[in-house]
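J.: Sending over a structure as C-alpha cells; questions will come in a sec.
What follows draws every value from the coordinates through simple rules; no lab data is involved. Here the structure is a predicted model, which means the values were calculated and not measured. No Cβ is skipped: glycine too gets one built from the backbone with ideal geometry, and neighbour counts run over all protein chains shown.
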There are 2 protein chains.
Amino acid sequence: MNIYENNLYQVPANFEALTPLKFMQHAAMVYPNKLAIVHGEIRRTWAQTYARCRQLAHRLKIHGVGIGDTVAVLSPNLPEHFEVHFGVPMAGAVLNSINTRLDARTVAFILQHAEAKILITEREFSGVVKEALALLNNPDLLVIDIVDPTFDSGEYLGSISYDDFIAQGDENFIWSKPTNEWNAISLNYTSGTTGDPKGVVYHHRGAYLNAISNVMSWGMQSHAVYLWTLPMFHCNGWCFPWSIAAIAGVNVCLRHVRGEAILTVIEREKVEYLCGAPMVFNIINDTSDVLKERIKHPVKAMVAGAPPPPAIIQKVEAMGFTITHTYGLTETYGPSVVCAWQEDWQEHPADHKAKLKARQGVPVVFQDDLMVADPITMQPVAKDGQTLGEIFMRGNVVMKGYLKNPKTTNEAFEGGWFHSGDIAVWHEDSYIEIKDRSKDVIISGGENISSIELEEILFRHPSIQDAAVVAKPDEKWGEVPCAFIKLKTDAVLSAEEVIEFCRANTARFKVPKHVIFIDIPRTPTGKVQKFILREWAKNDS
Amino acid sequence: MNIYENNLYQVPANFEALTPLKFMQHAAMVYPNKLAIVHGEIRRTWAQTYARCRQLAHRLKIHGVGIGDTVAVLSPNLPEHFEVHFGVPMAGAVLNSINTRLDARTVAFILQHAEAKILITEREFSGVVKEALALLNNPDLLVIDIVDPTFDSGEYLGSISYDDFIAQGDENFIWSKPTNEWNAISLNYTSGTTGDPKGVVYHHRGAYLNAISNVMSWGMQSHAVYLWTLPMFHCNGWCFPWSIAAIAGVNVCLRHVRGEAILTVIEREKVEYLCGAPMVFNIINDTSDVLKERIKHPVKAMVAGAPPPPAIIQKVEAMGFTITHTYGLTETYGPSVVCAWQEDWQEHPADHKAKLKARQGVPVVFQDDLMVADPITMQPVAKDGQTLGEIFMRGNVVMKGYLKNPKTTNEAFEGGWFHSGDIAVWHEDSYIEIKDRSKDVIISGGENISSIELEEILFRHPSIQDAAVVAKPDEKWGEVPCAFIKLKTDAVLSAEEVIEFCRANTARFKVPKHVIFIDIPRTPTGKVQKFILREWAKNDS
C-alpha cells in the first residue's frame, strides 16, 4: 500500500453518490423564484416545482413505493411528466416513461415486464391505455390521472388525480439520496422493430454525467429557456429534464409538435434551445415564413434520433437556427456522440457545411471511447471515410443493462464495448458517419450498399419530399436497392427519372432497381419503419 | 435483491473511472490543431501538448516512477507547469506543485514529507531551491530544469533539462487510466501560518468534477482563452488546468503578475477569463487607463483566495470586467462556493451590487452541501445574516485527506462534514458571508468582532490603500481591535481620523482602539499574514 492509499478513506464528508436529483434541490435553494416550468397559464418556480416533487416522493412512500419499484408514466410533455423525473427517484423508485404512440398490447407488455406498481397517465391516450389495462388485468396497479385544463378530450381512467395524490404528500419531505450511484433511476423500453421491446436501465451516475454532458455539448448558460419538442419518453427526453435542472433553466411544455404552435411559443417565451428528430425540423421548416421572421433571438437546435439528411440541416440553418447534430441510442442515454463544430468549417459553402454537420461526429467529453470496428474481430477500421464497420461505445454513459435479460445484456457488452448495431465509416478527422443500421445494409452482388447514402441523394432532388431505401430480394444479385418516395405536392416525377438522377450521383451498382411512390411510415421519433418497407418491397412485383 | 440489482453489473463497456486526464486526450483527438498554450513565441496545439505529456509520462515510467510516487514541481506559470498536470498522473504518479514563495526550510520539509522522487524546477527560484536541496541531502532525488528562453536569471541546478528528459519518451505512449477514481492525482501543501504545512491529497474523481464545476460556474464555452494570473501551485491553479482541457481552451502563460503585462496580453490574445486573489485585481486596477481602454472585448474575472472588499469588486467592474466571486480552501479543490449571480441584483446601485457580490455565496452544483453551524453542536445557525457560525462543507469536491496525518484528517472530517475553520453568517437567501477565520475573530468584552467587517469599512476610505485588523490583548476588554493601515501615495490621515471614520460606520464597541501605519505583510496568494500582525500588535505600546 502506497502513502496515498493509507488512511485516506471515503467518508460522508468527502464522498457522495452522484445523482441528478441534487440539481433540482440546488436550483430550488439558489434560485427559488426563478421560472422552472411554463404550460399554458401555469408558470411555476423552482421552489414550487421542487415542493411538488417532494410531495410526490413522500406520497409514493406512503403508498409503499420505494427502492427497486417501478412507477410508469404515459403522458405528453406536461409539467407532471417533468416532475416525475425527480419525484419518483426521490422516493427511491424507478421511472418508466412509456412511448405514447405504442399499441395497447405493447403497453400492457411493458407494464407487466417492468412490474409497475403505479401508472400515471393522461386522457389523450385513454383509448390505448384502457385497452392495455384490460389486457394487463392487474387490480393492484394504481392508476393516476394527470388533469390538464388546456386539453379536453378522452376519458379519465384512474382512481385519483395527480394533484389530489400529491396533495397528501409533505412538501418538506426529506428524501433520501441513493445509497449507491449505480442504483437504477429510470427504465426506457426500446422500440424494437421486431420482438418484444427491451427495457434499458439507467443509473444515477450515468444520468448525472449525461445531464452535464448535454449542458457542455451545447455550452448552455444558467436559466436557458428550453422548449419540449422532444418527447420526454424518448431516453428521458435524452435526459434534458436533469440538464435543465442543473442550469436552473426554463422548461416550456408542448403537447403536440405542430409548426405554428412551436414558432409562436419560441417567440413568446424567447426559447433558446430545442431538440428533435429530423422530422420535427421538417415540420418547423414547412411553417409560414411570417411566423419564422418574427423570431429575432438566437435559437439552437439539437437534432438526433435519425441521421438528418444534409438538405434538412441546410434548410433549418437558413431559417437562422444553429444546429448541433448528435447521435446515440437508448442504450447510451441518448446523445453520446456529437458532431463537434470546427471553426474552420465556417469557410465552406452552406451545402458542404451541412454535409460535414450531417456526420455523427466524435464522442462527447463524458463518454469514454468510441470506435468503428469489424463486428467480428472488433479491430478498428481504417480512418479512411470508406471502410464500413460497426459503431462501438464504452464509458459511463452506457446503460446499466437490459432489465431481466442477462443474455442480451451480455451480448450487447461483449468484448468490453457496447455493440450499437449501427454501421458507419470513420473519417480521417476521427468523425464517424453512419451508413446504416447493420440490418439495413443492402448486400448486392457481394457489395455493401448504404441505404442512407442513397436516401441522401434522393433528398437532394427538388421534387422529393420524403425518401427511404431498403433491400429487395433478387434472384440474380441476392438483394437490390428499392426506393420509396413521397413527392412534394403537385410535383411530377417518374421512376425512370429517379433512377436516372441516382445514376448521375452514385456508382452504377448502387442505383435502385425499383422505385415505389408512397407515404413513408415513420415511428413517433422520426425513424423510418424499414421493416414495413421491406415487406412492401418483397411483395412488390 | 430487487429486479434492478439483478444481473446488471459494472463492466468495462459501461463503467470507467472518472479522470480529468481524459479531457486532454479528447481535446487532442477532436481539436488537434487548436491552440492549447501560448508563452512568448511558443504556440502549441492540443495535439502537440498531448504528445509532450505522453512523452513525459513514458519517460517517468522508464525512470521507475509510477503509482503512488510523488513528482514535485516548483515553477512559474509556464507550459511545462501545465503539462505536468497531465503527464505526471498519466504515469500513475502524484503531482506536488510547490508554492514558489516558500522559504528553503519549508521546501525541504515538503520534498521530504511528500517523498518526492523527482523535482522539476526553474531557475528563477534557484536560490531557495539550492538551499532546500542542501538541507534535504537526498542524492536519489532527480532534479530537472525547465529551460525558458524568455527568462535569463538564476542557476540551473538539475542533471537534465525538461525538454531533454521528455525527448526520450514516446509521444504515442499508451498511458493507463487510473484503476480507481479514488486514486490520488495531486498533493497541495497548505501554507499553514503556524507549524508544518499539511499535505492535502486530491483524487481523480474530485479533480474531474471540480474541473467541470469551474466550467459550469462560469458558463465557459469551447476554446475560451484563459490567462494564468493565478499561480498553478495554488490548489492546482484552483484546478483550471483540467478545466481548460475539458473545453479545449487556450492557456496563456504569465511569469509575473504585473499590471502592464496583464493588460497587454489580455488585448493581444483576446483573453476572456482570468482568476486571482483580490490583490491581483488591485494591481490591474492601478495600471494605466490607456491600456485598460484598449480592451474592447468582454473579460470575466474570478476572484477568490481572500474575501474581496466590495470596493475592489466595484472598481474592477467599473473597468468593464465581470467579476465572479468564489470561495473555497485548499481542502475543497479551491472554489466550491460561488456567489451565484441573481438577475434582480442588476437593479441595485453599483455599491450595493458590489456588497452582494462580496458575499461568498452558495455551494457550487457539484458540491453536496454547505452549512454555517455551531462548531461544537454542529447545529445550523439561523439564516438571519447575524449569527456567527463555522462554515462546513461536504461532498465530492472535498479532499481525500491529509497525507500521512490520520489524526488531523479525522478531526477535519468529524461529524460527517469538513470543518473549514472560517466563520460566517448565513443570509436569508442561503448565501453565506465570511466574517473571519475562527482564529481571527476579536473577542472584546465578551462580544465577537469581525475583523473583516472592520477591514471593509477601512477600504471604503479614499486615502487608504491597504488595511487589516487583528486582536490586541487588552487588560480591561480581553482583546481590542488594532488596525494596520497603508495609505495611498501622498495621502495624509491621522490615527484619530481613522478611528473617527470607523465610529461613523459601525458600532462603538467594534471601533479599533489602536491604529498603526505600515506595509501589510501578505502571503503570495494575497492573504494577510495576521500572525505577524498579532505579534506586532501585542508588542505595540
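J.: Using a 7 Å offset from Cα along the direction of the beta-carbon, what are the separations from B:Ala382 to the same position in each other copy, nm, ascending?
T.: 7.7
J.: Continuing with this model, one more query. May I ask for the equivalent-ellipsoid semi-axes of segment B:103-238, computed as the square root of five times each C-alpha gyration tensor eigenvalue and listed largest first in whole Å? Please list the in-between numbers first.
T.: On the way: eigenvalues 151, 86, 65 Å².
After diagonalising the Cα gyration tensor, the semi-axes are 27, 21, 18 Å.
J.: Next up: At a 10 Å Cβ-Cβ cut-off, how would you order B:Phe509, B:Phe366, fewest neighbours first? Don't jump to the answer; show the numbers that get you there.
T.: Numbers: B:Phe509 13, B:Phe366 26.
Fewest to most other Cβ atoms nearby, the residues stand as B:Phe509, B:Phe366.
J.: Tell me, B:Asp140, A:Asp422 in order of fewest to most beta-carbon neighbours within 10 Å? Don't skip to the answer; put the middle values down first.
T.: Numbers: B:Asp140 6, A:Asp422 22.
Taking fewest neighbouring Cβ atoms as first place, the list is B:Asp140, A:Asp422.
J.: What FRET efficiency comes out for the pair A:Ile499/A:Glu293, r = Cβ-Cβ distance, R0 = 35 Å, nearest 0.05?
T.: Values: r = 39 Å, r/R0 = 1.12.
It comes to 0.35.
J.: Could you tell me what % of all Cα pairs in segment A:81-126 have separations over 18 Å?
T.: Values: 311 of 1035 pairs.
Tail of the P(r) past 18 Å holds 30 percent of the pairs.
J.: I've got another one for you. If I take the rotation axis that carries chain B onto chain A, which residue of chain B has the nearest beta-carbon, and at how many angstrom?
T.: Closest to the axis: B:Ile212, 3.
J.: Report the antiparallel proportion of the DSSP beta bridges in the protein assembly as shown as a percent, rounded to a multiple of 5. Mind showing how you got there, number by number?
T.: Values: 98 of 174 bridges.
Given both bridge residues lie in the protein assembly as shown, the antiparallel proportion sits at roughly 55 percent.
J.: To continue, here is another question. Let's test this: bin the Cα-Cα distances of segment B:443-494 at 5 Å from zero up to the farthest pair and state each bin's percent.
T.: Per 5 Å bin, starting at zero, the Cα-Cα P(r) for segment B:443-494 comes out as 5, 21, 25, 18, 14, 11, 5, 1 percent.
J.: Okay, moving on. Taking the Cβ of each residue in B:Glu455, A:Glu80 as the centre, tally the other Cβ atoms inside 10 Å and list the residues starting with the fewest.
T.: Details: B:Glu455 20, A:Glu80 26.
Exposure proxy ranking, most exposed first: B:Glu455, A:Glu80.
J.: A further question follows. Output, in nm with one decimal and in ascending order, the distances from the A:Glu497 label point to the matching label points of the other copies (7 Å from Cα along Cα-to-Cβ).
T.: So the distances to the same position in the other copies read 9.2 nm.
J.: Could you state, as a whole-number percent, how many of the C-alpha pairs of the protein assembly as shown are farther apart than 39 Å? Walk me through the intermediate numbers first.
T.: On the way: 294872 of 584821 pairs.
Beyond 39 Å sits 50 percent of the P(r) for the protein assembly as shown.
J.: On to the next question. More than 24 Å apart: what percent of Cα pairs in segment B:29-177 qualify?
T.: In whole percent, the share of Cα-Cα pairs in segment B:29-177 beyond 24 Å is 29.
J.: Using the Karplus equation 6.51 cos²θ - 1.76 cosθ + 1.60 (θ = phi - 60°), what ³J(HN,Hα) coupling, rounded to whole Hz, does each residue of segment A:492-506 give in order, writing x for Gly and Pro?
T.: Coupling constants for segment A:492-506: 10, 7, 9, 4, 5, 5, 4, 4, 4, 5, 5, 4, 6, 10, 8 Hz.
J.: Here is a follow-up. For chain A, with equal point scatterers placed on the C-alpha atoms only and solvent neglected, what are the log10 I(q)/I(0) values from the Debye formula at q = 0.06, 0.09 1/Å, to two decimals?
T.: Debye intensities relative to I(0), on a log10 scale: -0.30, -0.68.
J.: How big is D for segment A:209-269, in µm² s⁻¹ as a whole number, if Stokes-Einstein is applied with the Kirkwood radius of its Cα pairs at 10 °C and 1.306 mPa s? Can you show the working numbers first?
T.: On the way: Rh = 12.0 Å.
So the translational diffusion coefficient is about 132 µm²/s.
J.: Show that you can apply the helix-only estimate: for chain A, add -39,500 (n - 2.57) for every DSSP H stretch of four or more residues, divide by all residues, and state [θ] at 222 nm to the nearest 500. Spell out each step's value before the answer.
T.: On the way: 18 runs with 168 residues, N = 541.
Calculated mean residue ellipticity at 222 nm is -9000 deg cm²/dmol.
J.: How large is ³J(HN,Hα) for each residue in segment B:274-291, as worked out from phi by the Karplus curve 6.51 cos²θ - 1.76 cosθ + 1.60 (θ = phi - 60°), to whole Hz, x for Gly and Pro?
T.: So the J values, rounded to whole Hz, are 7, 10, x, 6, x, 5, 4, 6, 4, 5, 4, 4, 7, 8, 3, 4, 4, 5.
J.: Report, please, the projected area of segment A:11-97 averaged over directions, based on the convex hull of its C-alpha atoms, in nm². Before the final figure, lay out the partial values.
T.: Working: hull surface 26.7 nm².
Over every viewing direction, the Cα hull of segment A:11-97 projects on average to 6.7 nm².
J.: Here is a further query. Averaged over all directions, how much area does the convex hull of the C-alpha atoms of segment B:441-539 cover when projected, in nm²?
T.: 6.2 nm²
J.: Moving on. Take the Cα coordinates of segment A:375-465, assign each an equal point scatterer, and use the Debye formula without solvent to give log10 I(q)/I(0) at q = 0.18, 0.26 Å⁻¹.
T.: -0.91, -1.32
J.: Right, next: Sticking to Cα atoms, compute the Rg of segment A:245-399 to one decimal and its Dmax as the biggest Cα-Cα distance, whole number, in Å.
T.: Values for segment A:245-399 (Cα only, Rg and Dmax): 17.3, 55 Å.
J.: To the nearest 20 debye, what is the magnitude of the charge dipole of segment B:441-539 about its Cα centre, counting +1 on the Cβ of each Lys and Arg and -1 on the Cβ of each Asp and Glu?
T.: Numbers: 14 positive and 14 negative charges, 37 e Å.
Dipole size: approximately 180 debye.
J.: Whose amide H sits under 5 Å from the amide H of B:Ser97, counting only residues 5 or more places off or on another chain, with H placed in the peptide plane?
T.: The answer is B:Val73, B:Leu187.
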